[in-house]
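Structure, as structure tokens:
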Amino acid sequence: MAPPIPILAVRGSDGTVLLRGPPNCEKNADFQRDPRQSRYVAFSKDGTLFAWCNGEKVTVVKVADGSQVRLFDLPKTAMLEFSPLNTVLATWQVYSKTQDNPQGDANLQLWDLKTGTCLKALYQKKVQGWCPSWSDDEKIAVRSVNNELHFFENNDFITIANKLHLQKVSEFMLSPGSQPSKVAVYVPGSKGAPSFVRLYQYPNFGGPTCALANKSFFKADRVTMLWNKKATAVLVQASIEVDKTGASYYGEQTLHYLATNGETSAVQLQKNGPIYDVAWSPSSTEFCVVYGFMPAKATVYNLKCDPVFDFGTGPRNAVYYSPQGHILVLAGFGNLRGQMEVWDVKKWKQVSKPQAPDSTHFAWCPDGEHVVTSTCAPRLRVSNGYKIWHYTGTVLYKQDTPTGTELWETVWQPFPDGTFPERPVKYQAAPSELGSTEAKPAQAYRPPALRNKPVTASSKLHEEEPPQNLRPGATGDKQLSKTALKNQKKREAKKAAKQEINPDALEPQSDPSPASSAQPETSCGDPETDKKIKNVKKLEKMEKEAQLMKELEDLQLKV
């Protein structure tokens, strides 16, 4: 049976449309295009349903045939989300109150998609974390209310089944997958006390001793928590707005690791500077971090937080694993030039290096073969449009937004795991009429005074680091212990500092070989004259050597 064709939802100022996906994007004949401006669009987790709100109504349709499932008269809706099994549709509108209604209306509604009835209307003032989090089997739902986590079971939102109360809980993240569900909670530090993240397994909330893992740390104004797919570990990126040392405009970030077996660790990054992006591999056994002052480093770590592969340095600030986990893309978007590095994860070999300048959005197609890059408003209000790429670097389809209109969003239809099997990685560029955008090797700027001269370490603006495999035995070297690795890093840091002060200080002190110490010979253009000059220099050298030998003999006689 042939795999399905993914659908791409395109939302813009001229309406919402569903397109049949790669390699080309044709309008889905089963979906009636909505010419009104949509505020928000969403697919269900399994990709069978699609919903959008356009300032008049909220519409839910089946993707397969475009038939309408539900129509809700909710003109103020700004956000919407499906529960994992398509049982509930959550809608949210901006909270407001008036003199006649100082309490305001409940602005978070949970709708039963089968009957169209409202299960529960709740107050949710902040847009951050507005939607309840469900376990994949919908046996548990959780939301944060006044420093408490309220847990509901089997979509019964009338009764609170359980509570987790911690002082000033500001963030939480429910684990993916089914039972037993776990939750990561973050409590910011106050009055000199450190911040901390704890992992609990539902419903065991009986104090700190019941926590599966606990990690405390300083320097955290806010955190981002990221579970791996198998719900065995979570990464916590902590950051503060202001770096008191003044070293970074971006503040200061740290990365922490917590596992459900109780193991915790601070991830030791190998370069100073901000953390731009973190991503788990779909295998749940490795994660990639993009970090450090530009040019940024990118490193893959295992579950022991040991580096596995280092991609060296480059202009990048984002990382994306393919849905199957066999390909990884490092990209530099935003204030960078849109360079993408496509890597074969199993061989640690680069596949392609295309460029997508001015891109504001990147997403893998569920088939693991194609990606979409978009230039969307309001980030950029000119040159809006999107491109469909093959991962080998070729552009298969390109759509520019007509003048006077804006592109706001492009979203792939999701599919259940296993729908698209992993295919062997190709290195030859896929055929396309639009061609490739492979970046030519860029020449670093050199001041006029240094041009036409040999490149030295001191004349480079940045030291470029090549990729290196750090797996034990990958290069035939013996794996270093943690102490030896720490000492090696100290020596390298000391060596780098010394080189910055005196670039020539690290030149080898041993006697240079004749070939390397010989001065380049100059020629006057006449071979006979050149030969005579060479003979004269040879005689002068012999005379100097004889004179030195005589002085040495005289010294020995005196002794």
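The values are calculated or read from the model by the stated rules, or taken from the named source; none is laboratory data. What you see is a predicted model; the values in this text were computed from it and never measured. We place every Cβ from the backbone using ideal geometry, glycine too, and count neighbours over all the protein chains shown. Surface accessibility is based on the protein's heavy atoms, side chains included, excluding ligands, DNA and RNA. Shrake-Rupley method; radii C 1.70, N 1.55, O 1.52, S 1.80 Å.
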All positions within the range 19-37 that are surrounded by 18 or more Cβ atoms within 10 Å (Cβ to Cβ) and in contact (Cβ under 8 Å) with a residue 60 or more places away in the chain: 21, 22, 25
Lone qualifier among 108, 74, 89 - being more than 15 Å from residue 412 (Cα to Cα), open to solvent by less than 50 Å² (accessible area, probe 1.4 Å) and at pLDDT 95 or above: 89
Residues that are in contact (Cβ under 8 Å) with a residue 40 or more places away in the chain, of a type outside the set (Gly, Ala, Ser) and within 27 Å of residue 418 (Cα to Cα), drawn from the range 356-385: 361, 362, 364, 365, 366, 367, 369, 370, 371, 372
Options 12, 47, 21; residue that is in contact with a strand residue (DSSP E or B) (Cβ under 9 Å, 6 or more places away or on another chain) and on the phi > 0 side of the Ramachandran plot: 47
The range 420-430 - residue that is farther than 11 Å from residue 326 by Cβ and surrounded by 11 or more Cβ atoms within 10 Å (Cβ to Cβ) and, of those, modelled with the lowest pLDDT: 430
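Listed here are the residues, each with its yes/no results for (1) closer than 23 Å to residue 185 by Cα; (2) in a strand (DSSP E or B).
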position	(1), (2)
269	no, no
283	no, no
293	no, no
304	yes, no
308	no, yes
311	no, yes
328	no, yes
334	no, no
337	no, no
Top-ranked residue of the range 144-164 - restricted to ones that are touching a residue at least 40 places away in the same chain (Cβ under 8 Å) and part of a strand (DSSP E or B), ranked as surrounded by the fewest Cβ atoms within 10 Å (Cβ to Cβ): 163
Residue in the range 133-143 that is farther than 22 Å from residue 241 by Cβ, part of a loop (DSSP other than H, G, I, E, B), open to solvent by less than 60 Å² (accessible area, probe 1.4 Å) and aromatic (Phe, Trp, Tyr) present: no
Residues of the range 384-417 that turn out to be within 20 Å of residue 320 (Cβ to Cβ), in a loop (DSSP other than H, G, I, E, B) and open to solvent by less than 70 Å² (accessible area, probe 1.4 Å), as a count: 6
Among (1) in contact with a Leu (Cβ under 9 Å, 6 or more places away or on another chain); (2) crowded, with 21+ Cβ neighbours inside 10 Å; (3) closer than 28 Å to residue 25 by Cα, the one test that residue 356 misses: (1)
Out of 169, 145, 197, sole residue that is under 24 Å from the mean Cα position of the chain (by Cα) and among the aliphatic types (A, V, I, L, M): 197
Residues of the range 1-25 satisfying the condition of being more than 26 Å from the chain's Cα centre (by Cα), under 20 Å from residue 370 (Cβ atoms) and either modelled with pLDDT of 85 or more or hydroxyl-bearing (Ser, Thr, Tyr) (or both): 4, 5, 17, 18, 19, 20
Test result for residue 381, open to solvent by 60 Å² or more (accessible area, probe 1.4 Å), among the basic types (Lys, Arg) and more than 25 Å from residue 337 (Cβ to Cβ): no
Residues located in the range 313-333, provided they are open to solvent by less than 10 Å² (accessible area, probe 1.4 Å), out of contact with any Lys or Arg (no Cβ under 7 Å at 6 or more places or on another chain) and under 16 Å from residue 344 (Cα atoms): 319, 322, 327, 328, 329
All positions within the range 263-297 that are closer than 23 Å to residue 222 by Cβ, at pLDDT 90 or above and of a type in the set (Gly, Ala, Ser): 265, 266, 279, 292, 296
